[in-house]
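To start, the structure under review is shown below, and the notes come after it.
The values are calculated or read from the model by the stated rules, or taken from the named source; none is laboratory data. Keep in mind it's a predicted model, so treat the numbers as computed, not measured. Because the Cβ atoms are built from the backbone with ideal geometry, glycine has one as well, and the counts that use them run over all protein chains shown.
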Amino acid sequence: MIFMWYSYALYFIATYKLRTILANPLRVQIDCGVVEGRQLKDSLYAWSGIPFAKPPVGDLRFEAPQPPDNWEGVLDARWERSKCMQTEQYFLPESQSIGDEDCLYINVYTSQPPSSNATLLPVMVWIYGGGFAVGDGNYATYGPDQLVSVGDGNYATYGPDQLVSENVIVVTFNYRLGIFGFAFTADNVAPGNLGLKDQIFALQWVQRNIETFGGDKNLVTVFGQSAGAVSVSYLVVSPLGKDLFHHAIMQSGNSICVWGLSKIARKATFKAGQLLGIFTINSRYLIDQLKTVPAAKLQSAAVSVTNAFLFLDPINSLVFAPVIEPADTTDAVITTSTYECLRLGYFNRVPLLMGHNSFEAVSMEYIIKQWCFYLLQSDIFPSLLVPDSMNANAIGKLLAGPQIKFHYADILGSIIFPDENFLRYLNDNEFVRPVQKMARFTCRYTPTYFYKFSYTHDPTALGAGHAEELFYLFNSPFNNPNDMIISNRLVKLWTNFAKTGNPTPLDDPILDSCTWPKVMPAALNYIDIDNDLTIKQNPNAQDMDFWDNLFSAYANPPLFTY
């Protein structure tokens, strides 16, 4: 009897304590404990820096993500945590290492405090780009409002508050980058794709916890740009992505981009070891030794290796990036060609929205300056212009190379003078061709919507460059009323898709009352997002016909990218 009353007393005390803790509406009970968020402004609330995995440090470096430990009391989720290890400036050898290995944290943004009576809202999970080498999902990058001060008084550039204002919940998170996220030994010691496995772990966290923030776990849209779009594409194809999301948006990238699959990650991983004095062909010894190297020192070695490989070939592959894992890998993200999976319909058949900007490569002029030696060689030896995607033999490269050169060259016959010639080639080779190819594959199996983002506030620009649409999708300072109109339209299209799987479900004057048609096998229908919204067919048709004919003539299956 005494024991029974003692048990009741303990239960009462624990219940009272929990109710007291949760009396604050910004305190939320999740699977590992209670978190406290903050109100950033009217109709904008944030819970930041919530661990979704154990810190991947020490023995957990180069290991798959592990569940986080529970905590007692209230976790302060009012501030973001460190970004993952990276360099301050993209691929510059003199750049300082920044970030921390302890970086696997997730952030949730809502328009209202959680309420048991509220209707559950659609959820949009953002995956950042940055070549699998830089980037983060933190406040100062995607933070809720450029008018909200951060730490020392700096201001965020753009954030999800416009998306949130359309009654969706936005989730961002960090995933491991560079050698920390994509070390690869081509066996079960380091089977690769840890960064992608972090993403899957974050999506599993969303499934377990988002309802406590007012989100609908059965209405999750995953969206990303550049390497983030490549990541989304792998999640669409991977069996591990099944049931973790219900719509997917891919902006300027996918898994069949030539740079979306690393062919040199194993070689680069061993080369990084050599730079650090680890000379071995034994995978286990290499990884065990690399686990003992200070993070900043390992990051510096990996950047040196990356730059060395990209100097030799800046076109065909990133270095530390997704790979095809060994077939016997436990919980592998992907073990076969995603090109074939998409072609044959072996993927998670959720509604898809994808597209590219009108001149992606105009933002990549740094390549011409940084790797001019390779470009000069390609003008003399045009077989270098033949993408690895084609898997062409030596004779095929000799025949295809000159055709590529003269397709993009001007009357002087050079593909690099002026710069615009090579940028046109880069635009088609790196982005337009593979993005359109995926749409032509997936439209046979699932609703697929395609866009071309052409708007630029600078009338002298050659077109909308890589990542330019992000300034309109997220909250940015706008230069003129037109910018605001474009932003409102883009946000409306994306959130409509997140809510319904259709970007134009209703007649809407904000969207010029347009109806966005699906891609069809016989016609790549798309919406051109410019000063007006215009429905068109078959973007970049002449260039795409050229590449399709070239692949038909010289490509050798199996293909892994396009």
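A quick yes/no check of all residues on (1) closer than 18 Å to Val435 by Cα; (2) in contact with a Leu (Cβ under 6 Å, 6 or more places away or on another chain); (3) modelled with pLDDT under 95; (4) assigned by TED's automatic domain parsing to the domain that holds Ser383:
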{"position": "Glu469", "(1), (2), (3), (4)": "yes, no, no, yes"}
{"position": "Phe474", "(1), (2), (3), (4)": "no, no, yes, yes"}
{"position": "Thr500", "(1), (2), (3), (4)": "no, no, no, yes"}
{"position": "Asn525", "(1), (2), (3), (4)": "yes, no, no, yes"}
Which condition number in (1) assigned to a loop (DSSP other than H, G, I, E, B); (2) crowded, with 18+ Cβ neighbours inside 10 Å; (3) of a type in the set (Val, Ile, Thr) is the one that Thr280 fails? (2)
Scanning region 103-125 residue by residue, those within 22 Å of Leu75 (Cβ to Cβ), outside any loop (DSSP other than H, G, I, E, B) and among the hydrophobic types (A, V, I, L, M, F, W, C) turn out to be Ile106, Val108, Val123, Val125
I'd like to know if region 333-341 contains one or more residues that are in contact (Cβ under 8 Å) with a residue 24 or more places away in the chain, in contact with a Pro (Cβ under 6 Å, 6 or more places away or on another chain) and more than 17 Å from Gly260 (Cα to Cα). no
Residues within region 272-306 that are over 16 Å from Ser97 (Cα atoms) and small (Gly, Ala, Ser), tallied: 3
Among residues of region 45-78 being over 22 Å from Ile200 (Cα atoms) and not small (Gly, Ala, Ser), the residue surrounded by the fewest Cβ atoms within 10 Å (Cβ to Cβ) is Glu72
Consider only pairs whose beta carbons are under 8 Å apart and that are at least six residues apart or on different chains; among these, list those whose first residue lies in region 27-45 and is assigned to a loop (DSSP other than H, G, I, E, B) and whose second residue is hydroxyl-bearing (Ser, Thr, Tyr) and surrounded by fewer than 20 Cβ atoms within 10 Å (Cβ to Cβ). Ser43/Ser111; Ser43/Ser165
From the list Asn525, Asn531, Asn549, Asn479, which one is in contact with a helix residue (DSSP H, G or I) (Cβ under 8 Å, 6 or more places away or on another chain) and not β-branched (Val, Ile, Thr)? Asn531
Here are some conditions: (1) free of Cβ contacts under 8 Å to residues at least 12 places away in the same chain; (2) assigned to a loop (DSSP other than H, G, I, E, B); (3) not hydrophobic (A, V, I, L, M, F, W, C). Asn549 meets all but one. Which one does it not meet? (2)
If you go through region 6-23 one residue at a time, do you hit one that is farther than 25 Å from Asp136 by Cα and either modelled with pLDDT of 85 or more or in contact with a His (Cβ under 7 Å, 6 or more places away or on another chain) (or both)? no
If you scan region 284-297, which residues turn out to be surrounded by fewer than 19 Cβ atoms within 10 Å (Cβ to Cβ), in contact (Cβ under 8 Å) with a residue 24 or more places away in the chain and assigned to a helix (DSSP H, G or I)? Arg284, Ala295, Ala296
Subset of region 542-562 [within 14 Å of Arg433 (Cβ to Cβ), surrounded by 11 or more Cβ atoms within 10 Å (Cβ to Cβ) and of a type in the set (Ser, Thr, Tyr)]: Thr561, Tyr562
Kindly evaluate Arg440 against the criterion of being part of a helix (DSSP H, G or I) and surrounded by 24 or more Cβ atoms within 10 Å (Cβ to Cβ). no
State which residue is surrounded by the fewest Cβ atoms within 10 Å (Cβ to Cβ) when the search covers only region 465-503 and only residues that are in a loop (DSSP other than H, G, I, E, B) and within 19 Å of the chain's Cα centre (by Cα). Ala467
Considering (1) modelled with pLDDT of 95 or more; (2) farther than 30 Å from Leu261 by Cβ; (3) out of contact with any Gly (no Cβ under 7 Å at 6 or more places or on another chain), say which one Asn154 fails and leave the rest. (1)
Restrict the check to region 175-183 and report whether at least one residue is at pLDDT 75 or above, within 18 Å of Ser43 (Cα to Cα) and crowded, with 24+ Cβ neighbours inside 10 Å. no
Cβ-Cβ distance below 9 Å, separation of 6 or more or different chains: which pairs start in region 460-476 with a residue that is among the hydroxyl-bearing types (Ser, Thr, Tyr) and end on one that is assigned to a loop (DSSP other than H, G, I, E, B)? Tyr472/Tyr455; Tyr472/Phe478; Ser476/Gln146; Ser476/Thr157; Ser476/Tyr158; Ser476/Gly159
Take the residues in region 301-328 that are within 15 Å of Phe182 (Cα to Cα) and hydroxyl-bearing (Ser, Thr, Tyr); name whichever of them is surrounded by the fewest Cβ atoms within 10 Å (Cβ to Cβ). Ser317
Does at least one position in region 215-228 carry a residue that is farther than 20 Å from Trp494 by Cβ, in the same structural domain as Arg61 (by TED's automatic domain parsing) and modelled with pLDDT of 95 or more? no
State yes or no: is Ser317 at pLDDT 95 or above and more than 27 Å from Asp102 (Cβ to Cβ)? no
Mind listing whichever residues of region 46-72 are polar (S, T, N, Q) and in contact (Cβ under 8 Å) with a residue 40 or more places away in the chain? Ser48
Filter region 109-139 for residues that are in contact (Cβ under 8 Å) with a residue 12 or more places away in the chain and hydroxyl-bearing (Ser, Thr, Tyr); which is surrounded by the fewest Cβ atoms within 10 Å (Cβ to Cβ)? Ser115
